[in-house]
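The values are calculated or read from the model by the stated rules, or taken from the named source; none is laboratory data. Source: prediction; values computed, not measured. Methodologically, a virtual Cβ is constructed for each residue, glycine included, from the backbone with ideal geometry; neighbour enumeration extends over all protein chains shown. SASA here: full protein model, heavy atoms, side chains in, ligands and nucleic acids out. Shrake-Rupley method; radii C 1.70, N 1.55, O 1.52, S 1.80 Å.
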Amino acid sequence: MLKTNAWTSWTENEKEKAFDFAEEYRRFISVNKTERKFLEASVNMAEKQGFKEISKFNKLSYGDRIYKINKGKQAIFGVIGKEPLELGARFIVAHIDAPRLDLKPSPVYEDEGIAFFKTYYYGGIKKYQWLTIPLALYGIVVLKNGDKINIEIGDNPGDPVFTITDLLPHLSKDQLKKPIEEGFPGESLNVLAATIPLKKDKEPVKANLLRLFKEKYGISEEDLISSEFEMVPAGEAKDLGIDKSLILGYGQDDRVCSYACLRALVDIGKPQKSIFCVLVDQEEIGSYGSTSAQSTFFQFFLEEIAEKTDYRRNIRYIYENSKALSADVSSLFDPGYKEAYDPKNTARIGHGVCVERTTGGRGKAGSTEPPAEYIAWIRKIFDENKIHWQPAEIGKVEQGGGGTVATFLARLNIPTIDCGTGVISMHAPFEVTSKADIYSTYLAYATFYNA
Ligand code: MN
Ligand code: MN
């Protein structure tokens, strides 16, 4: 079902299934807005479907459902297949981090009787989009004794929210003349946090804010140094459009692919080949950390599987015979900005999961360019299973570009192609996806796991 609008070819029953799946997804992303929360909820979902921590197994056999977590921010879920590992496995890798505003290690300051949080944006954002919207604060503080304190403010009933202010239009003559990049410098993304002063203090409003932190959570200003605080858009993801065909929500890049590949994995019974869903952190900042796609955690996990399935050969044979999808979102043609896209090679909303051969930019730099033989195999399995899918490219040549985790699998000698849901307004506080594409993505991943 190449380049076909899913809504015009699906039966009423199929449309209903797409809406039901999207509703479960909408609820999931509404309450899991950080990589830690997403991972925790993923583990809960998997455990309900019989998945167990790999350390609980001495030996692994056909049908065993396993997972392993890395530092609370990365995980691999897997089902052991009927075939020996040597014949290859199926991997889908998706990232669970999303663009946001992180608090700096010493975030709190006071200026003219107002307390603010200083932030440093995480991932590629258009900074002006993050002004004047309600923001929620999520994070953990780890004390020197190892205790972890969870803090969530902004999404529970009765919670206050935060915001970054903007200059009123009446006084914006100079601001509006500046190029956007200069008009909104990163250092000015300061979050309005409090205004009530504590008596007799040099910085009374800041002092009062820190007092509230101390009373409510038992943490001091110094403790914030060992914290992970993320400011994200407050509020739940919503149905969008009078026909409710779309979803508007935060962090869909790449929780839409993460959710779809995890669901595809846990919904499968006993697969022919061993199948894995790898959820990684730090994709939006280049995948350099210990919980990213470049961490040796992935290889270490495979070695543990090999050991517990009595696999004796070098692990590289598994790679050589495996196949992978880099489950990442693609950009969709946005008619409001036609000049940025190549209309013949950009994906269309509602036309199914995107398959992206070329990522990167500037002479394909950073792209993994999977062999045509692999793309032919993907075409075959998707067409045979009536998957709505479309080839995709991010936009016009030399207009920009972007990388994905595909490169970190490809370098292990696993053929890998980017395959995921299309998004409009990517990296904006609220991104747009189509329920037809979300459900097609899920079906595509299930097809891949079964192929
Ligand atoms: Mn991204
Ligand atoms: Mn992504």
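The table that follows gives values for the structure above.
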{"read-out": "Criterion: without any contact (Cβ under 8 Å) to a residue 12 or more places away in the chain and on the phi > 0 side of the Ramachandran plot - qualifying residue of GLU12, GLU112, GLU16, GLU23", "value": "GLU112"}
{"read-out": "Residue within the stretch 294-303 that is within 13 Å of ligand 2 (Cβ to nearest atom) and under 30 Å from VAL232 (Cβ atoms) present", "value": "no"}
{"read-out": "Any hit, the stretch 112-120, residues being among the β-branched types (Val, Ile, Thr) and in the same structural domain as LEU265 (by TED's automatic domain parsing)", "value": "no"}
{"read-out": "Out of ALA340, ALA372, sole residue that is without any contact (Cβ under 8 Å) to a residue 12 or more places away in the chain and surrounded by fewer than 17 Cβ atoms within 10 Å (Cβ to Cβ)", "value": "ALA372"}
{"read-out": "Positions within the stretch 185-211 being within 32 Å of the chain's Cα centre (by Cα) and open to solvent by 40 Å² or more (accessible area, probe 1.4 Å), in sequence order", "value": "PRO185, GLU187, SER188, LEU192"}
{"read-out": "Condition met for LYS396 (surrounded by fewer than 21 Cβ atoms within 10 Å (Cβ to Cβ) and in contact with a Leu (Cβ under 9 Å, 6 or more places away or on another chain))", "value": "no"}
{"read-out": "Qualifying position, being open to solvent by 10 Å² or more (accessible area, probe 1.4 Å), closer than 16 Å to LYS33 by Cβ, more than 16 Å from ligand 1 (Cβ to nearest atom) and not in a helix (DSSP H, G or I), among LEU137, LEU103", "value": "LEU103"}
{"read-out": "Contacts under 6 angstrom Cβ, first residue in the stretch 394-407 being in contact (Cβ under 8 Å) with a residue 12 or more places away in the chain and within 10 Å of ASP418 (Cβ to Cβ), partner in a helix (DSSP H, G or I) and open to solvent by less than 40 Å² (accessible area, probe 1.4 Å), 6 or more apart", "value": "VAL405/GLU283"}
{"read-out": "Filter pass, TYR109 being touching a Pro at 6+ places or on another chain (Cβ under 9 Å), surrounded by fewer than 18 Cβ atoms within 10 Å (Cβ to Cβ) and modelled with pLDDT of 95 or more", "value": "no"}
{"read-out": "Condition met for GLY363 (at pLDDT below 95, within 16 Å of ligand 2 (Cβ to nearest atom) and more than 22 Å from MET1 (Cβ to Cβ))", "value": "no"}
{"read-out": "Unmet requirement for SER326, which otherwise passes all of (1) within 16 Å of ligand 1 (Cβ to nearest atom); (2) open to solvent by 10 Å² or more (accessible area, probe 1.4 Å); (3) outside any loop (DSSP other than H, G, I, E, B)", "value": "(2)"}
{"read-out": "Single match in ALA41, ALA98 (criterion: open to solvent by less than 40 Å² (accessible area, probe 1.4 Å), touching a helix residue (DSSP H, G or I) at 6+ places or on another chain (Cβ under 7 Å), on the phi < 0 side of the Ramachandran plot and without any contact (Cβ under 8 Å) to a residue 24 or more places away in the chain)", "value": "ALA41"}
{"read-out": "Scope the stretch 153-172; condition over 28 Å from PRO185 (Cβ atoms) and either aromatic (Phe, Trp, Tyr) or surrounded by 15 or more Cβ atoms within 10 Å (Cβ to Cβ) (or both); matching residues", "value": "ASP155"}
{"read-out": "Only listed residue being touching a helix residue (DSSP H, G or I) at 6+ places or on another chain (Cβ under 8 Å) and in contact (Cβ under 8 Å) with a residue 40 or more places away in the chain, chosen from VAL161, VAL142", "value": "VAL142"}
{"read-out": "Residues of the stretch 68-89 satisfying the condition of being outside any loop (DSSP other than H, G, I, E, B) and surrounded by fewer than 22 Cβ atoms within 10 Å (Cβ to Cβ)", "value": "LYS68, ILE69, ASN70, GLU86, LEU87"}
{"read-out": "Filter pass, LYS52 being more than 20 Å from ILE140 (Cβ to Cβ), open to solvent by 70 Å² or more (accessible area, probe 1.4 Å) and touching a Ser or Thr at 6+ places or on another chain (Cβ under 9 Å)", "value": "no"}
{"read-out": "Subset of the stretch 399-438 [within 16 Å of ligand 2 (Cβ to nearest atom), in contact with a Leu (Cβ under 7 Å, 6 or more places away or on another chain), closer than 30 Å to LYS244 by Cβ and open to solvent by less than 10 Å² (accessible area, probe 1.4 Å)]", "value": "CYS419, GLY422, VAL423, THR433"}
{"read-out": "Qualifying residue in the stretch 305-319 (condition: assigned to a helix (DSSP H, G or I), assigned by TED's automatic domain parsing to the domain that holds SER434 and within 16 Å of ligand 2 (Cβ to nearest atom))", "value": "no"}
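Conditions (1) assigned by TED's automatic domain parsing to the domain that holds LEU87; (2) within 16 Å of ligand 2 (Cβ to nearest atom), marked per residue:
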site	(1), (2)
PHE213	no, no
ASP223	no, no
SER227	no, no
ASP239	no, no
ILE242	no, no
CYS257	yes, yes
ALA260	yes, yes
ILE268	yes, no
PRO271	yes, no
